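**Student:** After the structure tokens below, expect a handful of questions from me.
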Amino acid sequence: MKKYNWHNWFWGLFFLVCAGVLVTTQLGMFTINISFWPLVWGLILVAAFLKSLASLSFIGMAFSLSFLGILFAQPLGIERLVPWTLLGAAALISIGLELIFRPVKAKHEHHGTLVVNDTSYSLGDWHKANKEIKKTYQEDDSPTNLEVSVRMGSAVRYVNTTDFRHARIRVNMGEVKVYFDKAQITTEPATIELLGQIGDVDLYIPKEWNLQPKLPTFAVDYAEKGETPVPSGPEVLLTGNFHVGDVTVHYI
């Protein structure tokens, strides 16, 4: 509850300050004259940067600053860097920081809480309660736990196990399709965990599964398509720390 209240207070005050900046700027109270729409987009990008900072999304932070530089290139005197130099620098910086701070991000991704069967767990404790995730995926092995990692590419995976428990899907500037239609769940709840930023994730889920989406909503376009779900089967938690992308659940 404390975290929830802090989150609401922070963003509530942020948008109130944005409203004040917007009004005073249009009244000419600032020395820098900025038109209405660039200012609005600038405030949105500042919000994106702060959200990325809170989630340690280096890609989100780098590209938010890059787009701010493009938007206000003239007042900043950096017209020569617009747009490809700034975008290229943002891509290189984000990749470098992701590699350097990967251990820090791994710890950060296990922060937070998850409610399972009316019991609250920390994400770290929840991962410890599950079996060790395999580092490689082979269809013939039919693993209980699946891991998919895509960076600036695409992948398709088919889960055929008769005892599916956990999937960790990590996407950074890529596309992933995972088919769960042949998977069976004997121990519930099973967990599908999405991590990363900037990407498209398509999940093909049996319509009988009782899917519970618990993803962050910032800059994530979540959609459900396909057959009408009939949640008479096992419970499946869709959770993680994924930002800036599209997540589509296809019920089949």
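The values are calculated or read from the model by the stated rules, or taken from the named source; none is laboratory data. Only a predicted model underlies this, so the values are computations on that prediction, with no experimental measurement involved. Positions of Cβ are generated from backbone atoms using ideal geometry, with glycine treated the same way; all protein chains shown enter the neighbour counts. Surface areas here come from the heavy atoms of the whole protein model, side chains and all, with no ligands, DNA or RNA. Shrake-Rupley method; radii C 1.70, N 1.55, O 1.52, S 1.80 Å.
**Student:** What percentages, rounded to whole numbers, describe P(r) for the stretch 146-243 computed over all alpha carbon pairs with 5 Å bin width beginning at zero?
**Tutor:** Percent of pairs per bin, in order: 3, 13, 25, 26, 20, 10, 3, 0.
**Student:** Just to confirm a number: summing +1 for Lys and Arg and -1 for Asp and Glu over residues other than Leu237 whose beta-carbon lies under 9 angstrom from that of Leu237, what do you get?
**Tutor:** Summing Lys/Arg as +1 and Asp/Glu as -1 gives -1.
**Student:** Next question, about the same structure. In whole angstrom, and with the biggest value first, how far do the Cα coordinates of the stretch 12-94 range along each principal axis?
**Tutor:** Principal extents (largest minus smallest coordinate, Cα): 39, 32, 16 Å.
**Student:** While we're here: In what sequence, highest mean first, do 15-25, 188-198, 240-250 appear when ranked by Cβ atoms within 10 angstrom?
**Tutor:** Order by mean packing, descending: 188-198, 240-250, 15-25.
**Student:** Right, next: What part of the accessible area of the stretch 186-252, given as a whole %, is carbon or sulfur when the probe is 1.4 angstrom?
**Tutor:** Numbers: 1330 of 2720 Å².
Summing carbon and sulfur atoms, their accessible area is 49 percent of the total for the stretch 186-252.
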